[in-house]
Amino acid sequence: MGKRIGLFLIWLFLFVFGCLYYYLLHNTNQPLLFYSTACLIIVLCLTCFLLLLQRYRFDWKTIAGTLFLGLLLVFVVRQGLDQRMNFNLQNTLSRELPGVILDIKASSYHAVWARPIDPQGNYGNETRTEGHFFPSLPYSQSEVVLADHPAEDNVDTISYRFIIKQPYFVDNKDVSAKYCFVLGVCSYFYKGYADVNAQTGEVIGLKIVYSDIK
């Protein structure tokens, strides 16, 4: 009876911390809190697995529970490894984008994705100003440059393309805006590009591009 109650409580805690982990995955830039929750889930999964083995009953409940625990462990570990890169970039961009919560979509060496691009067209007396979208929105495609410090040709750089997961305002625009077709399948209006010195970690280029969805 005691083992059954203990197993139930562990499943309950596992559900609570699993929900918390999923929330933190999309809503935090605090690595300590995120990885502490991940470690608790791993410990609870292993404890629950050992209690299932002690039942000595390989019925459908044991098989289903073991399969669920295995999939949960794979999910937590995989997301933890992926999130490590996000936390590193968030920390790197903390001066230009303090408190941002982002998700890296691609990275490449020597790509220089954050280089400013002058769009074609006549915009009157409008000029590019750091921290403001150019051309001014609404336009089908505009960009705001937040850092532009070109590195020398012999300096190793790495470029990132990312989206911002939580509401964040740049030039009075929410650069996390998106359009969701179905639950979990979304297209983002804004994409971020960052160039970083691979040796020093200095941000040598940072811009956010707005592209209207046609």
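The values are calculated or read from the model by the stated rules, or taken from the named source; none is laboratory data. Quick caveat: nothing in here was measured; it's all calculated off a predicted structure. Glycine also receives a Cβ, built like all others from the backbone with ideal geometry; neighbour counts cover every protein chain displayed. We work out accessible area using only protein heavy atoms, side chains counted, and drop any ligands, DNA or RNA first. Shrake-Rupley method; radii C 1.70, N 1.55, O 1.52, S 1.80 Å.
With a ≥ b ≥ c the root eigenvalues of the C-alpha gyration tensor of segment 121-214, is it rounded (a/c under 1.5), prolate (a/b larger than b/c) or oblate? It comes out oblate by the Cα gyration axes. Pairs of Lys residues in the chain that lie 8 or more places apart, or on two chains, and have C-alpha atoms under 20 angstrom apart add up to 17. Backbone amide hydrogens, once placed in the peptide plane, bring residue 204 within less than 5 Å of 195, 196, 197, excluding anything fewer than 5 places away on its chain. Checking Cβ-Cβ separations below 4.7 Å across the chain identifies 19, 39, 45, 48 as cysteines lacking any candidate disulfide partner. Looking at segment 73-174, the GluC sites (Glu not before Pro) that sit in a DSSP loop and have at most 13 other Cβ atoms within 10 Å of their own Cβ are 126, 130, 152. Of the labelled figures (i) 6, 16, 14, 14, 17, 12, 7, 6, 6, 2, 0; (ii) 8, 33, 36, 18, 5, 1, 0; (iii) 7, 27, 26, 18, 12, 7, 3, 0, only one reflects P(r) over Cα pairs in 10 Å bins from 0, in percent as derived from the coordinates, namely (iii). Among the trypsin sites (Lys or Arg not before Pro) within segment 91-144, those in coil by DSSP and having at most 11 neighbouring Cβ atoms inside 10 Å are 95. Between residue 187 and residue 141, the contour length at 0.36 nm per residue exceeds the Cα-Cα span by 15.1 nm. Legend: calculated FRET efficiency, residue 154 to residue 42, from the Cβ-Cβ distance at R0 = 45 Å, rounded to 0.05, equals 0.55.
For the chain, what does the accessible surface come to per residue with a 1.4 Å probe? Please give it in Å². Intermediate results must be reported in sequence, preceding the final value.
Details: 13270 Å² over 214 residues.
Accessible area per residue, the chain: 62 Å².
One decimal place: the segment residue 200-residue 127 gains 23.1 nm when fully extended, by the rule 0.36 nm per residue minus the C-alpha distance.
Solvent-accessible area assigned to carbon and sulfur over segment 67-132 amounts to 52 percent, based on a 1.4 Å probe.
For residue 92, what charge total do you get from the other residues with a beta carbon under 14 Å from its beta carbon, if Lys and Arg give +1 and Asp and Glu give -1?
Details: positive: 84, 95; negative: 96, 195, 202.
Neighbourhood net charge equals -1.
Would you mind checking the tilt of helix 31-54 against the longest principal axis of the Cα atoms of the chain, expressed as 0 to 90 degrees and rounded to 10? Result, in degrees: 20. Rounded to the nearest 10 degrees, the angle from helix 2-27 to the longest Cα principal axis of the chain is 0 degrees.
Can you give the Rg to Rh ratio of segment 115-162, both from alpha-carbon atoms, with Rh computed by the Kirkwood formula? Walk me through the numbers before you get to the answer.
Values: Rg = 13.2 Å, Rh = 12.7 Å.
Rounded to two decimals, Rg/Rh equals 1.04.
Report the longest stretch of the chain that contains none of the chymotrypsin sites (Phe, Trp or Tyr not before Pro) sitting in a DSSP loop with at most 16 other Cβ atoms within 10 Å.
The answer is 140-214.
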